Amino acid sequence: MSARFTDKVVLITGATSGVGRATAERIAGEGAKVVLAARGEESGHAVVAGIRAAGGEAVFVPTDVTAEAEVAELVRRTVSRYGRLDGAFNNVGAPTAMGPVTGIDGAAWRAELELNLSSVFYGLKHQIPALRAAGGGAILNNASTCGVAAYPNMASYNAAKHGVIGLTRSAALDAAPAGIRINALITGGVDTPLSRGLAGGLPGVTWEESWRAAEAMHPLGRMGRPEEVAAFAAFLLSDETGFITGAALAIDGGMTARL
């Protein structure tokens, strides 16, 4: 791999599995000092151990990204340990309140937005000053295809992810004078533990039927691999994309081309 992240410090949330883990491993392999954040301490320390065994540098900070104070502490600890912050990938997210609008209660609605939208706001709020102090950098927010298209029975998730794109664009304009680039990632279905778990939760449908239907939604006829998304995320966080900001960029197997 290249060494395009040598001497860079990159923070990744939702970093203990799936796309977050693959991105952490990819960027560490390219020379970055990576700070992993998630709630699961055992899995977090396991990912760090794997990165270090491969010759990379990483630490894990247990963090609930729906709590602003914990996000602020995450950024503070990152800068305290490594002296700077050069990039961040706000990757936490999952659909939690399934069903039509009329069937979602207020508490479930608020919890969905906290996890999928407010967490990104908290990240940006505290990451941008740290990147500004380092002289600039890049932030990537995972919006998923639900940021540009709607799916039935996912009203609150659709709303949150559409909000991530609007928030990304607004923050990108605010931060551009400081040399900070902020973009959104539109991911299609990716073969991760989360997506496999969701596929098994449909009543009256076998797991295999659900998985094949998910694959068929993509013109390429398959789910993406975490490593494919990680490669694209690393590209967008690198200096190679220094003229891209305020964009929502798809890696979705062609899904949104026909929506």
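In the range 1-144, the inverse of the mean reciprocal separation of distinct Cα atoms equals 15.4 Å; this is its Kirkwood hydrodynamic radius.
Here the gap between Ala108 and Leu259, fully extended at 0.36 nm per residue and compared with their Cα-Cα distance, gives a gain of 51.6 nm.
Looking at the chain, the DSSP beta bridges with both ends there are about 0 percent antiparallel.
A convex hull fitted to the Cα coordinates of the chain yields 125 cubic angstrom per residue. What residues from the range 233-251 fall in the zone where the backbone N is under 18 Å from a label point 7 Å along the Cα-to-C-beta line of Ser170? Zone members listed by number: 246-248. Kirkwood-type hydrodynamic radius, the range 177-245: 14.2 Å, calculated from all non-identical alpha-carbon pairs. Rg/Rh for the range 1-55 (Cα atoms only, Rh after Kirkwood) is 0.94. Sorted fewest first by neighbouring Cβ atoms within 10 angstrom, Thr96, Thr245, Thr63 come out as Thr96, Thr245, Thr63. In the chain, helices alone account for a calculated mean residue ellipticity at 222 nm of -13500 deg cm²/dmol, with every DSSP H run of four or more residues adding -39,500 (n - 2.57). Just so you know, the Rg over Rh for the range 64-193 is 1.01, from Cα atoms, with Rh as the Kirkwood radius.
The shape of the range 35-85 can be summarised by an equivalent ellipsoid whose semi-axes, obtained from the alpha carbon gyration tensor, come to 20, 15, 5 Å from longest to shortest.
A simple spin-label model places the labels of Glu227 and Arg132 4.0 nm from each other, with each point 7 Å out along Cα-to-Cβ.
So if the hydrodynamic radius of the range 88-151 is defined as the Kirkwood radius over C-alpha pairs, what does Stokes-Einstein give as its diffusion coefficient at 37 °C and 0.692 mPa s, in µm² per second?
Diffusion coefficient, whole number: 245 µm²/s.
Of all the options Ala88, Ala24, Ala149, the one that moves most in a Gaussian network model of the chain with Cα springs shorter than 10 angstrom is Ala149.
Taken along its principal axes, the alpha carbon cloud of the range 113-259 reaches lengths of 53, 30, 26 Å, longest axis first.
With springs only between Cα atoms under 10 Å, which of Arg222, Arg212, Arg21 fluctuates most in a Gaussian network model of the chain? Checking each option, the largest mean-square fluctuation is seen for Arg212. Springs between Cα atoms under 10 Å define the GNM used for the chain, and in it the highest mean-square fluctuation of Leu124, Leu249, Leu194 occurs at Leu194. From most to least packed by mean Cβ count within 10 Å, the peptides 13-20, 164-171 give 13-20, 164-171.
Cβ crowding within 10 Å, taken as a proxy for footprinting-reagent exposure, orders Lys125, Lys8, Lys161 from fewest neighbours to most as Lys125, Lys8, Lys161.
Since every read-out is calculated from the coordinates, none of them should be taken as a lab result. Quick caveat, the model's predicted, so the values are computed rather than measured. A quick note on method: Cβ atoms are made from the backbone with ideal geometry, for glycine too, and the neighbour counts reach across all protein chains shown.
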